[in-house]
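S.K.: Handing you this structure, nothing more for now.
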Amino acid sequence: MKLQIHNLTKKYGTKTAVDHMSFTVENGVYGLLGANGAGKTTLMRLICGIQRPTAGKITLDGQEVSGMGEEYCALLGYLPQNCAFYPDFTALDFLLYVCALKGIEAKNAGKRSRLLLREVGLEKEQKQKIKTFSGGMKQRLGIAQAMLNNPGILILDEPTAGLDPRERIRFRNLISAFSKNRIVILSTHIVSDIEFIAGEIMMMKNGRLLKTGCTGEITAEMLGKVWECTLPTVQAEKLAVKYPVSNMRNTEDGNTVLRIISPQKPLDGAKTVQPNLEDLYLNYFKEEKRDETAFEI
Amino acid sequence: MRQLLKFELKKIFSRRLVLVGILLLVCVNVSGFLSLNMADIKYEQELAGKYEGVLDDAKVQQMLIDFKPTKEQLQMWGGLSVAYVGTSFMQSAVHSRFARDDGSWNGKTVADVFGDEKIQVGYNEGWLNLSRILVRMALGLALLSIVMTAPVFAGEYEGVDNIILTSRFGRSKCILAKTGAAFAAPLLTAAVFAAGNLVAALAVFGTEGLDASVLFSSLSYNNYIPLNISCGTMLLYQAGLIFSGVIMTVGITLAVSAICRSQLTALIISALVFILPMLFSVMEKEPLFKLIGLLPVYHVQFSSLMSVAQISGKLLFAVWAFPAAAAAAIAGCLLGKRFFASHEVS
């Protein structure tokens, strides 16, 4: 499958959320990375056909998706940001309802729903009403519903939001196993999740695609620009004001280990280290208003 | 499709507000029947049996003799018309049209009062009473229909529309199931209540008086429906108008639900659209009422729409309520589909 985005634009009044974006995705896991307001959610909604582009088009194997109707929807699995549910439904009922929406035959619906509930760790809670669920449980249920129809194109908007570390690992494994011969596009603020799951990373800013490639490729430009040094805490705090710092860790001897982004050596004794995705993210979004969740790991 | 319909019905009937509404409706209905006195009903039916048939001047004179108040009664009532304080519906009926306050004949003949109409005398009091109980029930049913229908589309805008519209049947079968359930749930409820009332009424009144004219009734039902139709015809219309009122209400509410982005807004707007026409001061005789009267609140309020005109025999102007309801239902379905299927999620 080849999903192509051609010069896609979406405007809300005078604000441009997606700005003449073009790219092609084929089977594999793609991670959308960008600060709040970068246009990730809008791009995903456009791909899912629940928002109409102001200009441009999306094609699947050369066919425009807006004209494919049910045929395209049958290939889709979508987890929206802040996924909503019917609070009085049980988890199993909700999945059976989504099965009916997706045209999964009743005889297979129960089996498929129970399997996915087991996969996301909600097997024991399948008969509980959704209103009793925690945020993480709802998120897992959202992931399960997106995968019910074995979608060829799986779009996950912030799938790991609200998941605890154990659940995030379970999710990563689930997606890795699921992603063969499919297109999976996911967005998250949690940079480490993207690093682990995505084969290709797409970095977005102001509705445009800044960079695409695997972690190694897109972080290559940061080689020699990421430094680590150990300083007394007072000095470290002063340095942190001067340079973008991607990590700051206090040691037991009263010193602080700083990870600094800088094209030049920030001070004597600083050593270059292998750059990671967070360093790249910080480098591109240092001008943006700092969003706490962007650095969650 | 069947699965989707089942789930849509489940969504409707699992709402607490809907369950409370049904419970209230049961209470209103039961209280209406509990207020009836079986001994009184039996007495009134026996009286009516004596004068069965077409009303003529001889029957009127006989009634005036049979129901003549005693001097003691007149003294006790202190000058109040017998029609008001009559001891039976027949006494009230004959005195309200053919007697002075003191109970003496007012000189009018049947032709003077009813023209050429053939007035069938019989026990109509119970059926007219039932009709009023049904008006209260129908009003409650219409409001319950709004509560049931308002969230059908508007509720989905609160987030689940993302999932629905990206699913294979989200824009087709799902909308069909939603509209199907939106009509089925209130109509099913209306059918259960109507059947319950019919069974209860037949148990209490039997079939006696169903052929009696609604016109020769006690003072409290004078001009309730000022047209010469039988109680049976009246109840047939009322049953029809309850369903047409519910259908039209659902049609309008569906359209509102698809347009509004929150269920509370949809609920309030739909309730206002339903209730506001009652505040228009347009009389039944004014030509404009022929349009306003076709709005659902007048279907369930019943007597105003039934009073507009008698086209011929059993055919009343109120029959227009049925095509009006069908038109509103079709429009509601089409608008609902159009707005919901093509909306952009936010």
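Bear in mind these aren't lab numbers, they're just calculated from the coordinates by the rules spelled out. Note that the structure is predicted; figures quoted are calculated from it, not measured. With ideal geometry, Cβ positions are generated from the backbone for all residues, glycine too; neighbour counts draw on all protein chains shown.
S.K.: Averaged over its residues, how many other protein chain Cβ atoms are within 10 Å of peptide A:87-96's Cβ atoms?
M.R.: 2
S.K.: Given q = 0.13, 0.15, 0.21 Å⁻¹, what are the Debye log10 I(q)/I(0) values for the stretch B:133-290, with equal point scatterers placed on the Cα positions and solvent ignored?
M.R.: So the normalised log intensities are -0.75, -0.91, -1.32.
S.K.: A further question follows. Starting at the first residue of the stretch B:333-346, write each ³J(HN,Hα) from the Karplus equation 6.51 cos²θ - 1.76 cosθ + 1.60 with θ = phi - 60°, in whole Hz, x for Gly and Pro.
M.R.: These are the phi-based 3J(HN,Hα) values: 5, 5, 5, x, 4, 4, 5, 6, 5, 9, 6, 9, 5, 9 Hz.
S.K.: In a shell of Cβ-Cβ distance under 13 Å around B:PHE33, excluding B:PHE33 itself, what net charge do Lys and Arg (+1) and Asp and Glu (-1) give?
M.R.: Value of the local net charge: +2.
S.K.: For the stretch B:36-96 and the stretch A:221-248, compute the distance between their C-alpha centroids and round to whole Å.
M.R.: Going from one Cα centre to the other spans 104 Å.
S.K.: Once you list every other residue whose beta carbon is under 10 Å from the beta carbon of A:GLN51, what net charge do they have if Lys and Arg are +1 and Asp and Glu are -1?
M.R.: Once all neighbours under 10 Å are counted, the net charge is +2.
S.K.: Amide H neighbours of A:ARG182 under 5 Å, counting only residues 5+ apart in sequence or on other chains, H built in-plane at 1.01 Å?
M.R.: For A:ARG182, the qualifying residues are A:GLY28.
S.K.: Along the stretch B:38-51, what does the Karplus equation 6.51 cos²θ - 1.76 cosθ + 1.60 (θ = phi - 60°) give for ³J(HN,Hα), rounded to whole Hz, x for Gly and Pro?
M.R.: With the stated coefficients, the stretch B:38-51 comes to 4, 5, 4, 4, 4, 4, 5, 5, 5, 4, 4, x, 5, 10 Hz.
S.K.: How charged is the neighbourhood of B:LYS337? Take every other residue with its Cβ under 12 Å from the Cβ of B:LYS337, and add Lys/Arg as +1 and Asp/Glu as -1.
M.R.: Neighbourhood net charge equals +4.
S.K.: Summing -39500 (n - 2.57) over the DSSP H runs of n ≥ 4 in the protein assembly as shown and dividing by its residue number, what mean residue ellipticity at 222 nm do you reach, to the nearest 500 deg cm²/dmol? Write out the running numbers ahead of the final one.
M.R.: Numbers: 28 runs with 322 residues, N = 643.
Only helices count here, giving -15500 deg cm²/dmol.
S.K.: Explain nothing, just the number: dipole magnitude of chain B about its Cα centre with +1 on each Lys and Arg Cβ and -1 on each Asp and Glu Cβ, in debye rounded to the nearest 20.
M.R.: Here chain B has a charge dipole of around 1620 debye.
S.K.: Under the Kirkwood approximation applied to all pairs of distinct alpha-carbon atoms, what is the hydrodynamic radius of the stretch A:140-227 in Å?
M.R.: Answer for the stretch A:140-227: a Kirkwood hydrodynamic radius of 14.3 Å.
S.K.: Here's a follow-up. Which one of A:THR160, A:ALA236, A:LEU92 has its Cα pushed farthest toward the positive end of the charge dipole of chain A, where Lys and Arg give +1 and Asp and Glu give -1 at the Cβ?
M.R.: So the residue we want is A:LEU92.
S.K.: Using a 10 Å cut-off on Cβ to Cβ distances, tally the other chain neighbours for every residue of A:99-111 and report the average as a whole number.
M.R.: Partner Cβ neighbours, averaged per residue: 4.
S.K.: Quick check for me: using +1 on Lys/Arg Cβ and -1 on Asp/Glu Cβ, what's the dipole size of the protein assembly as shown about its Cα centre, in debye to the nearest 20?
M.R.: 1500
S.K.: Between A:ARG114 and A:LYS11, take the C-beta separation as r, use R0 = 30 Å, and let me know the FRET efficiency to the nearest 0.05.
M.R.: Working: r = 44 Å, r/R0 = 1.46.
So, using R0 = 30 Å, E works out to roughly 0.10.
S.K.: Same structure, new question: Which entries in the list A:LYS40/A:LYS242; B:LYS10/B:LYS178; A:LYS242/A:LYS271; A:LYS2/A:LYS111; A:LYS11/B:LYS337; A:LYS2/A:LYS57 go over 21 Å, if you measure between the two C-alpha atoms of each?
M.R.: On the way: A:LYS40/A:LYS242 30 Å; B:LYS10/B:LYS178 11 Å; A:LYS242/A:LYS271 17 Å; A:LYS2/A:LYS111 30 Å; A:LYS11/B:LYS337 25 Å; A:LYS2/A:LYS57 14 Å.
Listed pairs above 21 Å: A:LYS40/A:LYS242; A:LYS2/A:LYS111; A:LYS11/B:LYS337.
S.K.: Explain nothing, just the number: relative contact order of the stretch A:2-219, from Cα pairs under 8 Å at least 6 residues apart, as a whole percent.
M.R.: Relative CO of the stretch A:2-219 lands at 30 percent.
S.K.: Hey, another quick one. Kindly rank A:267-279, B:139-151, B:2-14 from highest to lowest mean number of other beta carbons found within 10 Å of each residue.
M.R.: Sorting A:267-279, B:139-151, B:2-14 by mean packing, highest first, produces B:139-151, B:2-14, A:267-279.
S.K.: Ordered by residue, what ³J(HN,Hα) values in Hz, to whole numbers, does the stretch B:18-23 give under the Karplus form 6.51 cos²θ - 1.76 cosθ + 1.60, where θ = phi - 60° and Gly and Pro are x?
M.R.: Couplings: 5, 5, 4, x, 5, 4 Hz.
S.K.: Placing +1 at every Lys and Arg Cβ and -1 at every Asp and Glu Cβ, with all other atoms neutral, what dipole size does the stretch B:56-117 have around its Cα centre, in debye to the nearest 20?
M.R.: So the dipole magnitude of the stretch B:56-117 works out to roughly 220 debye.
S.K.: Sticking with this one: When Rg is the radius of gyration of the Cα atoms in chain A and Rh is its Kirkwood radius, what does Rg/Rh come to?
M.R.: The Rg/Rh ratio comes out at 1.02.
S.K.: Normalised by the number of residues in the stretch A:221-295, what is the relative contact order in percent for Cα pairs under 8 Å and 6+ residues apart?
M.R.: Averaging sequence separation for qualifying contacts and normalising by length gives 39 percent for the stretch A:221-295.
S.K.: Report Rg/Rh for the protein assembly as shown, rounded to two decimals, where Rg is the Cα radius of gyration and Rh the Kirkwood radius. Please list the in-between numbers first.
M.R.: Numbers: Rg = 36.3 Å, Rh = 30.0 Å.
Taking Rg over the Kirkwood Rh, I get 1.21.
S.K.: For the stretch B:294-337 and the stretch B:221-244, what is the centre-to-centre distance using only Cα atoms, to the nearest Å?
M.R.: With the stretch B:294-337 and the stretch B:221-244 each reduced to a Cα centre, they are spaced 13 Å.
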